[in-house]
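Structure first, then comments.
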There are 2 protein chains.
Amino acid sequence: MSTNFKHALFSQFARVGKALSHANRLELLEFIAQGERSVDELATVSGLTVANTSQHLQHLRQAGLVTSHKEGLKVYYQLSGDDVITLLDTVRGVAERHIAEVDKLVNTYLTVKDNLEPLPRKELLKRAKQGLVTVLDVRPAEEYAAGHVPGAVNVPLKELEGYLKNLDAQQEIVAYCRGPHCILAFDAVAALRDKGLTARRLEDGFPEWKRAGLPVES
Amino acid sequence: MSTNFKHALFSQFARVGKALSHANRLELLEFIAQGERSVDELATVSGLTVANTSQHLQHLRQAGLVTSHKEGLKVYYQLSGDDVITLLDTVRGVAERHIAEVDKLVNTYLTVKDNLEPLPRKELLKRAKQGLVTVLDVRPAEEYAAGHVPGAVNVPLKELEGYLKNLDAQQEIVAYCRGPHCILAFDAVAALRDKGLTARRLEDGFPEWKRAGLPVES
DNA sequence: CATATATTCAATTAATTACTTGAATACAAT
DNA sequence: ATTGTATTCAAGTAATTAATTGAATATATG
């Protein structure tokens, strides 16, 4: 009887594991972490069909990781709580530390572009308050609009070149994106350095900043 | 190119999710969290065949959650790091907060036996140092032997009755087990209260105590 | 009321996973 | 060298999951 209870409990916990067991769902969660999104928007940004996106979202909702509400024709999905950010970060951290293939991918695609230590959130807050840095948000405009680090400028990567003349060449630039492995932040930093500017990345992404209770602008 | 990288990265993270997507593997992880175990021991305590146990362990090892070493004929498995304890606790916490069925199971099987707030670790350490409590470890003897809270007495549930006469009836008793949902701790507390004794549970289990860097006896 | 839009559902197909069984491998004891 | 013990591997079977397609449902607009 009590072994049946324990097994039933583990089966429920396994639902969370199942929700995280496919790359598409992890990607959808990263998108939703930037702010609530509709099914159509999620399908577009992920490159999945609407039906497939919807099915993955049902899976995530039934596992308790997201919730939804309807506004007119559209259904909007949001994370169930900050604990889902923590869950994603914990899975990511464990994979980084213990799966050699992750190390290899990160070294091949990310570290080659920026092998400096990223800037801790609290440090960025301090420097931003002192007016010592320019903060660059390289996410798509709609994610920026949903919420961003106060004072951050939204410059998608392809517009960075044209934006350079607006920058104070003496000031340090800190770029951030959706999370710690978002290549856009790495690319931005590499491009800025190519131009002789001083640039670094924030240690993770906007969801972690927000979860830390730091100020948010929208 | 960078979308392929991101997808490859998410696929690797998904390996961690897959490792956690079956009740049997979660249970094996909870057993291993108590201390390193051999395949044969894990098969016995989980009720799975040795071959099936071994297959699940390969899965866990390839996902980076456990490591193994061989001593003579036997292969011993241990967790890859304390971050795996954190991962399990995070999955458990998310499931508890966001899956209604978990709430139902916990209420039906656990809260009915003990609905008092469990005791925080630091509080137990303090009271134990002052000699104010009796600490009861209700795990099987081999898990106790592998490591336990200093001063804890190992009394498996079926021996509790016979052990009662050894107790200082005036002193509070704190019981702990493998984790926060281990029914043995709940049963022990219920049985002790039935006898008029003052009993509580520790807030989680031995792995969390150890991860917190608190003193460990073996 | 009819049509358009957005989303979900259900059925089908293909791929993946879990368990079982028997064989293979590695190490220890005789 | 042979036998025993412990574990892993491989193949087969059954169950589950992911994507696709078309239908169904809900809401908004004309």
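The values are calculated or read from the model by the stated rules, or taken from the named source; none is laboratory data. None of these values were measured; they are calculated from a predicted model. When we count neighbours, we look across all protein chains shown, and the Cβ atoms used for this are built from the backbone with ideal geometry, even at glycine.
May I ask you to say which residue of A:Ala190, A:Ala128 is more than 19 Å from A:Phe31 (Cβ to Cβ), within 14 Å of another protein chain (Cβ to nearest Cβ) and part of a helix (DSSP H, G or I)? Result of the check over A:Ala190, A:Ala128: A:Ala190. Checked against the criterion of being within 14 Å of DNA strand C (Cβ to nearest atom) and assigned to a loop (DSSP other than H, G, I, E, B), the candidates A:Leu116, A:Leu48, A:Leu57 yield just one match: A:Leu48. A:Thr198 falls short on exactly one of the conditions (1) β-branched (Val, Ile, Thr); (2) at pLDDT below 95; (3) surrounded by 17 or more Cβ atoms within 10 Å (Cβ to Cβ), and that condition is (3).
Residues in the stretch A:1-23 that are farther than 11 Å from B:Val16 by Cα and not hydrophobic (A, V, I, L, M, F, W, C): A:Ser2, A:Thr3, A:Asn4, A:Lys6, A:His7, A:Ser11, A:Gln12, A:Arg15.
Okay, residues lined up against (1) in a helix (DSSP H, G or I); (2) buried (at least 20 other Cβ atoms within 10 Å of the Cβ):
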position: A:Thr134; (1), (2): no, yes
position: A:Glu142; (1), (2): yes, no
position: A:Ala145; (1), (2): yes, no
position: A:Pro150; (1), (2): no, no
position: A:Lys158; (1), (2): yes, no
position: A:Lys165; (1), (2): yes, no
position: A:Asp168; (1), (2): no, no
position: A:Ala175; (1), (2): no, yes
position: A:Pro180; (1), (2): no, yes
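Within the stretch B:35-55, residues that are at negative phi and within 14 Å of chain A (Cβ to nearest Cβ) reach partners that are part of a helix (DSSP H, G or I) and more than 9 Å from DNA strand D (Cβ to nearest atom) with beta carbons closer than 8 Å, at six or more positions or on different chains, in the pairs B:Val45/B:Phe31; B:Ser46/B:Asn24; B:Ser46/B:Glu27; B:Ser46/B:Leu28; B:Ser46/B:Phe31; B:Leu48/B:Asn24; B:Leu48/B:His56. Of the set (1) more than 16 Å from the chain's Cα centre (by Cα); (2) more than 30 Å from B:Lys18 (Cβ to Cβ); (3) free of Cβ contacts under 8 Å to residues at least 24 places away in the same chain, all apply to A:Leu116 but (3).
Note on the stretch B:66-100: residues that are surrounded by 15 or more Cβ atoms within 10 Å (Cβ to Cβ) and facing chain A (nearest Cβ under 7 Å) total 14.
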